[in-house]
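Peer 1: This is the structure I want to talk about, given as structure tokens.
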């Protein structure tokens, strides 16, 4: 059991480190020289990247954020399985599943409170979806269904995200019969995600929330041209 607890602590720390990587910021800077923290909503997630940089950057950001969640949980399953006590299992209806849900919470917390950005980050939706797929795929699928049910007809990504987060502990208790102890970290995740969307909730209540949109390629080219022109002007000034 001591080896299991040590491995669990290592997996928790690794998940925070991996999921804290701000891919939205990195991709936007690399592709367009844009710091997404200073434009749009100021968020580093896929939605703000789509609005301020473009569809390609948003798709890459989404894939990387989902991927880091999948990677973290897959590694956790592998490593915990190596030191799992004989009287414990990691399936969704077992007591050992609580260890996985604790690491799942670390994945989302690492993204929302990124250690690389002074404990500021995104809102945890893409990484939470990816981590849920590796936690137990029906959970991730259910999150996607709830998200799509609200986001597609309204084009309010925030509404779909909040609904999916709230559904997480509920579906795990009622649909998948996850143990109450294993559901506690998932309830904490739901609370953190809703908290991260607090400004969106206010905007939704007052009818000021922005619907999902993608920055056109023309706008991206214009920003790149402006950046290149400014760079040439700087070089000319130095000469």
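Peer 1: Determine whether residue 184 is within 25 Å of residue 41 (Cβ to Cβ) and in a helix (DSSP H, G or I).
Peer 2: Considered against the rule, which asks whether it is within 25 Å of residue 41 (Cβ to Cβ) and in a helix (DSSP H, G or I), residue 184 comes out as no.
Rundown of residues vs (1) in a helix (DSSP H, G or I); (2) surrounded by 22 or more Cβ atoms within 10 Å (Cβ to Cβ); (3) in contact with a helix residue (DSSP H, G or I) (Cβ under 7 Å, 6 or more places away or on another chain); (4) touching a residue at least 12 places away in the same chain (Cβ under 8 Å), yes/no style:
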position	(1), (2), (3), (4)
57	yes, yes, yes, yes
71	yes, no, yes, yes
80	yes, no, yes, yes
89	no, no, no, no
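Peer 1: Separate question: Going by the conditions given, is residue 152 within 18 Å of the chain's Cα centre (by Cα), part of a helix (DSSP H, G or I), surrounded by fewer than 16 Cβ atoms within 10 Å (Cβ to Cβ) and without any contact (Cβ under 8 Å) to a residue 60 or more places away in the chain?
Peer 2: Taking the combined requirement at face value, the residue does not satisfy it.
Peer 1: A further question follows. Do the conditions hold for residue 61, that is, is it buried (at least 16 other Cβ atoms within 10 Å of the Cβ), more than 24 Å from residue 211 (Cα to Cα) and at pLDDT 95 or above?
Peer 2: No, not satisfied.
Peer 1: Now a separate question. Hey, among 201, 170, which residue is closer than 25 Å to residue 36 by Cβ, more than 16 Å from the chain's Cα centre (by Cα) and assigned to a helix (DSSP H, G or I)?
Peer 2: Selected residue: 201, the only one of 201, 170 that is closer than 25 Å to residue 36 by Cβ, more than 16 Å from the chain's Cα centre (by Cα) and assigned to a helix (DSSP H, G or I).
Peer 1: With (1) surrounded by fewer than 19 Cβ atoms within 10 Å (Cβ to Cβ); (2) touching a helix residue (DSSP H, G or I) at 6+ places or on another chain (Cβ under 8 Å); (3) at pLDDT 95 or above as the list, and residue 85 as the residue in question, which single condition is left unmet?
Peer 2: (3)
Peer 1: Go over the candidates 128, 122 one by one and state the one that is part of a loop (DSSP other than H, G, I, E, B) and out of contact with any strand residue (DSSP E or B) (no Cβ under 6 Å at 6 or more places or on another chain).
Peer 2: 122
Peer 1: Also, quick follow-up: Could you figure out which of (1) buried (at least 23 other Cβ atoms within 10 Å of the Cβ); (2) in a loop (DSSP other than H, G, I, E, B) isn't true of residue 106?
Peer 2: Tallying (1) buried (at least 23 other Cβ atoms within 10 Å of the Cβ); (2) in a loop (DSSP other than H, G, I, E, B), residue 106 fails exactly one: (2).
Peer 1: Working only within the range 160-176, note down all residues that are surrounded by fewer than 20 Cβ atoms within 10 Å (Cβ to Cβ), in contact (Cβ under 8 Å) with a residue 24 or more places away in the chain and either touching a strand residue (DSSP E or B) at 6+ places or on another chain (Cβ under 8 Å) or farther than 17 Å from residue 136 by Cβ (or both).
Peer 2: The answer is 166, and nothing else.
Peer 1: Suppose the filter is over 15 Å from residue 16 (Cβ atoms) and surrounded by fewer than 21 Cβ atoms within 10 Å (Cβ to Cβ); does residue 117 pass it?
Peer 2: no
The values are calculated or read from the model by the stated rules, or taken from the named source; none is laboratory data. Predicted model, so just to flag it, every value in this text is computed and none were measured. Using ideal geometry, Cβ is built from the backbone for each residue, glycine included, and neighbour counts are taken over all protein chains shown.
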